[in-house]
Amino acid sequence: MAMESPEFCSDSQNGESAFSDVPLAPEPLVYAVMAACRQDPSPLKLNLGIGVYRTEEGKPFVLNVVRRAEELLVNDLSRDKEYLPITGIPEFNELSSKLILGVESSPAIKENRVTTVQCVAGCGSLRVGAEFLAKHYHQKSVYIPEPTYSNHPNFFSSVGLVVKTYRYYDLATHGLDLQGLLEDLSSAPAGSIVLLQACGHNPTGVDPTIQEWEQIRQLIRSNGLLPFFDSAYQGLVSGNLDADAQSVRLFVADGGESLIAQSYSKNIGLYGERVGALIIVCKTAEVAINVESQLKLVIRPMYSNPPIHGASIVTAILKDREMYNEWTSELKKMKERLVNIRQKLVNSLHDKGTPGDWSHIMRQVGMYSLSGLNQDQIAFMTKEYHIYMSSDGRISMAGLSSKTVPHLVEAIHAAVTRAI
């Protein structure tokens, strides 16, 4: 047998890695914070970086209704582990679209102008939607809020879309910069994609009022822009699933087209199950059919078809009136606890005499608060108090408890006053 010529030997055959030129990439910020927290042996350590809902004891929280649904699934001997269709569980898709668009009030559903595909959580839904737009939509610019969820730019830039920003947060007021938002979107080229967070804005905790949403809707429609909603917190902001879907429903009711990436990680606590859906509202039923056919071609080479277990849990909850009511009851309790934690934090900072106005924490909503703390203050809190959070000052309120608020207040007070 002929020997291979030395000039054709690979680097690995010469003892070198074929990947020796691959540079070390920095770890995504939120995961770097998690890793640092895990390695910290201090019993006082507090992880306020990752957006997951915790118990008062700081433990992972599993909804009672999820446990009930899983028991039903385990005892259903008719279930199997066959591959799902490319678009996922049909009943899951139908129930998911009704949850966000409305069961009876959505003209788009009645007119069959909606296509829904099960995806791998909210991230997968955003990524599938982005690739579909890159392949089939004429405009390649997408406008995202500044600031926004740190992973948002990646979904769009990874498929070749051009990512731009529009003003969203007013540092002076710790509220919405509505004027800046409207000005920036007014100058966006016709057809541009606009990413909107349906409720519980990450990282700011600042949402437009329904009147402000109407102003945004009118501008987007009059300028021919395409809205792409990220809905990750439905039910956790107001405690009411319908109220938290109002922004999306405004855009669907006007007959225009929209995309919605839906996640069940936060509001049903299925973080590791990776359950989500991409919903595209089209102009006509015929267009919806064509769009779904192309979504299948996006999904097929990506992951072929979605996992079954998490979506089966969601389906079981959404289709059973008793379990659905139990879920909404648990959502209200989760929301009320988040509000109570906010109030306790603000009151404690006031009682401590910590310099500054912290009332914006109460005005903000959902799982997050953009505290106003700077990078130096956060680094000090991490070093001296073992508190881990994003360098932009975002606090995951769901990671706090009444037991840990005093420790955070001590840290904030020390960080703020040490420079005075």
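Report for the stretch 220-348 the percent antiparallel among DSSP-assigned beta bridges with both residues inside it, nearest 5.
Antiparallel bridges: around 60 percent, rounded to the nearest 5.
Applying a 10 Å radius around every beta-carbon, put 45-56, 191-202, 350-361 in order of their mean neighbour count, most first.
191-202, 45-56, 350-361
With the other protein chains left in place, how much accessible area per residue, in square angstrom, belongs to the chain at a 1.4 angstrom probe?
Heavy-atom SASA per residue in the chain reads 47 Å².
In the stretch 229-304, what percentage of the DSSP-assigned beta bridges are antiparallel, given to the nearest 5?
65
Please work out whether the stretch 38-107 counts as rounded, prolate or oblate from its C-alpha gyration tensor, where a ≥ b ≥ c are the square roots of the eigenvalues and a/c under 1.5 means rounded, while otherwise a/b larger than b/c means prolate and anything else oblate?
Because a/c hits 1.5 or more and a/b exceeds b/c, the stretch 38-107 counts as prolate.
When DSSP beta bridges are limited to those with both residues in the chain, what percentage is antiparallel, rounded to the nearest 5?
50
Could I have the simple spin-label model distance between residue 240 and residue 351, label points 7 Å from Cα toward Cβ, reported in nm to one decimal?
3.2
Which order do the peptides 210-217, 73-80 take when ranked by the mean count of other beta-carbon atoms within 10 Å per residue, highest first?
Listed from highest to lowest mean packing, they are 210-217, 73-80.
Charges at C-beta only: +1 for Lys and Arg, -1 for Asp and Glu. How large is the resulting dipole of the chain about its Cα centre, in Debye rounded to 20?
Dipole magnitude for the chain comes out near 760 debye.
Given a Förster radius of 45 Å and the C-beta distance between residue 403 and residue 136 as r, what FRET efficiency does 1/(1 + (r/R0)^6) yield to the nearest 0.05?
Computed FRET efficiency for residue 403 and residue 136 comes out at 0.30.
Non-local amide H neighbours of residue 166 (under 5 Å, H modeled in plane, Pro and chain starts lacking H): which ones?
Residues meeting the criterion, in which the H sits 1.01 Å from N, are 144, 146.
Can you compute the helix-only [θ] at 222 nm over the chain? Use -39500 (n - 2.57) per DSSP H run of at least 4 residues, normalise by all residues, nearest 500 deg cm²/dmol.
Calculated at 222 nm, the ellipticity per residue is -13000 deg cm²/dmol.
Of 234, 375, 39, which has the largest mean-square fluctuation in a 10 Å C-alpha GNM of the chain?
39
Tell me which of 90, 133, 118 sits at the most positive position along the dipole axis of the stretch 80-144, charges placed on C-beta atoms (Lys, Arg +1; Asp, Glu -1).
Value: 133.
Using a 1.4 angstrom probe on heavy atoms only, work out the carbon and sulfur share of the accessible area of the chain in %.
Carbon-and-sulfur percentage of accessible area, whole number: 53.
For residue 44, put the label point 7 Å out on the Cα→Cβ axis and report which residues of the stretch 378-409 keep their amide N under 14 Å from it.
380-388, 404-409
What is the distance, in nm, between label points placed 7 Å from the Cα along the Cα-to-Cβ direction at residue 294 and at residue 321?
4.1
Sorted by average packing, counted as other Cβ atoms within 10 angstrom per residue and highest first, what order do 112-118, 145-151 take?
In decreasing order of mean packing, 112-118, 145-151 become 112-118, 145-151.
Only four residue types carry charge here, +1 at the Cβ of Lys and Arg and -1 at the Cβ of Asp and Glu. Report the dipole size of the stretch 290-420 about the Cα centre in Debye, rounded to the nearest 20.
140
Over all alpha-carbon pairs in the stretch 9-128, figure out the percentage whose distance exceeds 23 Å.
Everything past 23 Å amounts to 65 percent.
The values are calculated or read from the model by the stated rules, or taken from the named source; none is laboratory data. Everything numeric here is computed off the predicted structure, so don't read it as measured data. Note that we place each Cβ from the backbone using ideal geometry, even for glycine, and neighbour counts take in every protein chain shown. In case anyone asks, the SASA skips ligands and DNA or RNA and just uses the protein heavy atoms, side chains included. Shrake-Rupley method; radii C 1.70, N 1.55, O 1.52, S 1.80 Å.
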